[in-house]
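Below you'll find the structure, written out as structure tokens, and then a few comments.
The values are calculated or read from the model by the stated rules, or taken from the named source; none is laboratory data. Because the structure is predicted, anything quoted here is derived from the model rather than measured. Virtual Cβ from ideal backbone geometry, glycine too; neighbours counted across all protein chains shown. The protein model used for the area step is the full one, side chains on, heavy atoms only, and it has no ligands, DNA or RNA in it. Shrake-Rupley method; radii C 1.70, N 1.55, O 1.52, S 1.80 Å.
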Amino acid sequence: MRQDTFQAPDYYEIDDLLTEEHRMIRQAARDWVKRDVSPIIEEAAQKAEFPKSIIKGLSNIGAFGPYIPEEYGGAGLDQISYGLIMQEIERGDSGVRSTASVQSSLVMFPIYEFGTEEQRKKFLPKLASGEFMGSFGLTEPDHGSNPSGMTTHFVDKGDHYLLNGAKMWISNSPFCDIAVVWAKNEEGRIHGLIVERGMEGFSTPETHNKWSLRASATGELIFQDVKVPKENLLPGKSGLGAPLLCLDSARYGIAWGAIGAAMDCYDTALRYAKERIQFGKPIAGFQLQQKKLAEMITEITKAQLLALRLGQLKNEGKASTAQISMAKRNNVEMAIHIARESRQILGGMGITGDYSIMRHMMNLESVITYEGTHDIHLLITGLDITGLSAFK
């Protein structure tokens, strides 16, 4: 069992820009990851199993709906606190952070923002405590970057809706208690529906043979004439803009989370480089290794500043979709590059489960694709700065 000796880099003393509460929240998450995630995550990844034993711990550190008001079971924290929690969790594993992100930004957020008071009271406290786990159904087998082309649909049957279709690449799907599903009505308008485990015709087969996010449960959501009560429709917002607002929140969390993965790879590579002796001295004393390490800490520092400023804008209600896309794209690209460079510093040892780097690298191959691919985020920025859409 690997001992977690991680020390977070803070080259520009960014901690001075955080409040004492921010630092306490981050420390609680960091301590939990060291105690409850790091000792088990390599085995979970090797076995391709989600460690359900950590669900209660995720709830205890406020990872489920940290910015949801306390009256609904959330922690009532600000957006920077949310980001810091995601950073620490992804430092442990991207798959674990995915579980928390989905629960918070893709399930609790739409219920809170678009749901009725009855829906909030029924579902949010149980989601915050981890008694209920949720999933988010937007991506389909034939519609990923183009979610508006979805074919999942529902029809009004008088006292209920009849839902048919399928969603793919869904985190938490195999064990979710509820799913927030986006589907078109008879007029082609997109709406959100809360589908509950046990509804006849609703199944959640697991996706196997993944090389990435192996410690996260991924699957499908399949709907075959599922009768959804009318009170399970989210009435507050319809159209594609509704799920995209959820994705904004999740992408923001990813922008922070990727920093955690990068920091873990950097810290591992730095320690190894100081200890590994070749040609009579530590490899950290060689120019090429110092170049790698110096570039890593530079990019991490830039990403930290980008995420912090974005968090401030989120707190002020001013962060735009394009700004969030830029941070998600930049920070994930930064993290995956650092993972690859760190693996080279460790040489052959870098591919083993004795170190976290190869697991992070494989995980980040999913993170760079989901919630908007790397290229799509580039085009979102392009649209924002030119006013011209390259999507059509």
**Item:** Only one of Ala258, Ala250, Ala262 that is in contact with a strand residue (DSSP E or B) (Cβ under 9 Å, 6 or more places away or on another chain) and touching a residue at least 40 places away in the same chain (Cβ under 8 Å)
**Value:** Ala250
**Prompt:** Restricting the stretch 155-203 to residues that are in contact (Cβ under 8 Å) with a residue 40 or more places away in the chain, open to solvent by 10 Å² or more (accessible area, probe 1.4 Å) and among the hydroxyl-bearing types (Ser, Thr, Tyr), which is farthest from Glu49 (Cα to Cα)?
**Reply:** Tyr161
**Prompt:** Residues in the stretch 147-180 that are farther than 18 Å from Ala217 by Cα and either of a type outside the set (D, E, K, R) or touching a strand residue (DSSP E or B) at 6+ places or on another chain (Cβ under 6 Å) (or both): how many?
**Reply:** 16
**Prompt:** Of all residues in the stretch 214-244 being aliphatic (A, V, I, L, M) and open to solvent by 10 Å² or more (accessible area, probe 1.4 Å), which is nearest to Ile54 (Cα to Cα)?
**Reply:** Ile222
**Message:** Out of everything in the stretch 355-372 that is among the β-branched types (Val, Ile, Thr) and without any contact (Cβ under 8 Å) to a residue 40 or more places away in the chain, what residue ends up being most open to solvent (accessible area, probe 1.4 Å)?
**Reply:** Thr369
**Request:** Restrict the check to the stretch 107-115 and report whether at least one residue is of a type in the set (A, V, I, L, M), within 30 Å of Ile14 (Cβ to Cβ) and not in a strand (DSSP E or B).
**Result:** yes
**Request:** Tell me which of these Thr352 doesn't satisfy, since it passes every other one: (1) open to solvent by 20 Å² or more (accessible area, probe 1.4 Å); (2) touching a residue at least 60 places away in the same chain (Cβ under 8 Å).
**Result:** (2)
**Prompt:** Does Ala339 count as in contact (Cβ under 8 Å) with a residue 60 or more places away in the chain, among the small types (Gly, Ala, Ser) and surrounded by fewer than 21 Cβ atoms within 10 Å (Cβ to Cβ)?
**Reply:** no
**Request:** Pairs only if they're at least six apart or on different chains, beta carbon under 6 angstrom, first in the stretch 295-317 and without any contact (Cβ under 8 Å) to a residue 40 or more places away in the chain, second open to solvent by less than 70 Å² (accessible area, probe 1.4 Å) and in a loop (DSSP other than H, G, I, E, B); list them, first residue then second.
**Result:** Leu313/Ala319
**Asked** Residue check: is Ala262 under 19 Å from the mean Cα position of the chain (by Cα) and open to solvent by less than 30 Å² (accessible area, probe 1.4 Å)?
**Response** yes
**Request:** Of all residues in the stretch 250-280, count the ones that are of a type in the set (A, V, I, L, M), touching an Asp or Glu at 6+ places or on another chain (Cβ under 6 Å) and farther than 14 Å from Asp93 by Cβ.
**Result:** 1
**Message:** out of contact with any Ser or Thr (no Cβ under 9 Å at 6 or more places or on another chain), at pLDDT 95 or above, in a helix (DSSP H, G or I) and farther than 24 Å from Cys265 by Cβ: which single residue out of Glu88, Glu118 fits that description?
**Reply:** Glu118
**Prompt:** Could you give every pair whose Cβ atoms fall below 7 Å, whose first residue belongs to the stretch 107-123 and is more than 14 Å from Gly134 (Cα to Cα), and whose second residue is part of a helix (DSSP H, G or I) and small (Gly, Ala, Ser), counting only separations of at least 6 or pairs across chains?
**Reply:** Phe114/Ala242
**Complete:** The number of residues in the stretch 48-72 that are under 16 Å from Phe123 (Cβ atoms), among the small types (Gly, Ala, Ser) and buried (at least 22 other Cβ atoms within 10 Å of the Cβ) is 1
